[in-house]
1. Pull up segment 2-12, narrow it to residues that are part of a loop (DSSP other than H, G, I, E, B) and surrounded by 10 or more Cβ atoms within 10 Å (Cβ to Cβ), then point me to the one that is modelled with the lowest pLDDT.
2. Taking GLY63 as the residue in question, decide whether it is at pLDDT below 80 and assigned to a helix (DSSP H, G or I).
3. Quick check on segment 31-46. Is at least one of its residues exposed (fewer than 10 other Cβ atoms within 10 Å of the Cβ) and not in a loop (DSSP other than H, G, I, E, B)?
4. Step by step: first the residues of segment 18-30, then only those that are surrounded by fewer than 10 Cβ atoms within 10 Å (Cβ to Cβ) and not hydroxyl-bearing (Ser, Thr, Tyr), then the one that is modelled with the highest pLDDT. Which residue is that?
5. Of the numbered conditions (1) in a helix (DSSP H, G or I); (2) surrounded by 11 or more Cβ atoms within 10 Å (Cβ to Cβ); (3) modelled with pLDDT of 80 or more, ASN15 fails exactly one; give the number of that condition.
6. Just the residues that are in a helix (DSSP H, G or I), surrounded by 13 or more Cβ atoms within 10 Å (Cβ to Cβ) and either touching a strand residue (DSSP E or B) at 6+ places or on another chain (Cβ under 9 Å) or not polar (S, T, N, Q) (or both), please, taken from segment 47-60.
Amino acid sequence: MRCLIARPPFELTKNGVLASVSGITPELVTGESAAIARRRYPARQVGQVITRQGRGDFTSGKGIRA
């Protein structure tokens, strides 16, 4: 799936996202979150991991929509 989170568009696939978050410990969820492989991750943490951008470059809402 092609999506735009902050600057450049990204091609996101289920396997690509799973590979990106494997080995990443979820931080404490206090707001919007994403369920990936039976774990809850903060939306901004996932966005940062899969796009390799800083958390200030996008909102959690944009991460959830992607």
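1. Pass one, segment 2-12, residues part of a loop (DSSP other than H, G, I, E, B): 5-8, 12.
Still in the running and surrounded by 10 or more Cβ atoms within 10 Å (Cβ to Cβ): 5-7, 12.
Values: ILE5: 66, ALA6: 63, ARG7: 67, LEU12: 81.
Looking at residues that are part of a loop (DSSP other than H, G, I, E, B) and surrounded by 10 or more Cβ atoms within 10 Å (Cβ to Cβ), I get ALA6.
2. Details: at pLDDT below 80: yes; assigned to a helix (DSSP H, G or I): yes.
Here the answer is yes, as GLY63 does meet what is asked.
3. Yes, because at least one residue in segment 31-46 is exposed (fewer than 10 other Cβ atoms within 10 Å of the Cβ) and not in a loop (DSSP other than H, G, I, E, B).
4. The selected residue is LEU28.
5. (2)
6. In the first step, residues of segment 47-60 are kept if they are in a helix (DSSP H, G or I); the result is 47-51, 55-57, 60.
After this cut, where a residue has to be surrounded by 13 or more Cβ atoms within 10 Å (Cβ to Cβ) as well, the list is 47-51, 55, 57, 60.
Selection gives GLY47, VAL49, ILE50, THR51, ARG55, ASP57, SER60.
The values are calculated or read from the model by the stated rules, or taken from the named source; none is laboratory data. Given the structure is predicted, the values throughout are model-derived calculations rather than measurements. Methodologically, a virtual Cβ is constructed for each residue, glycine included, from the backbone with ideal geometry; neighbour enumeration extends over all protein chains shown.
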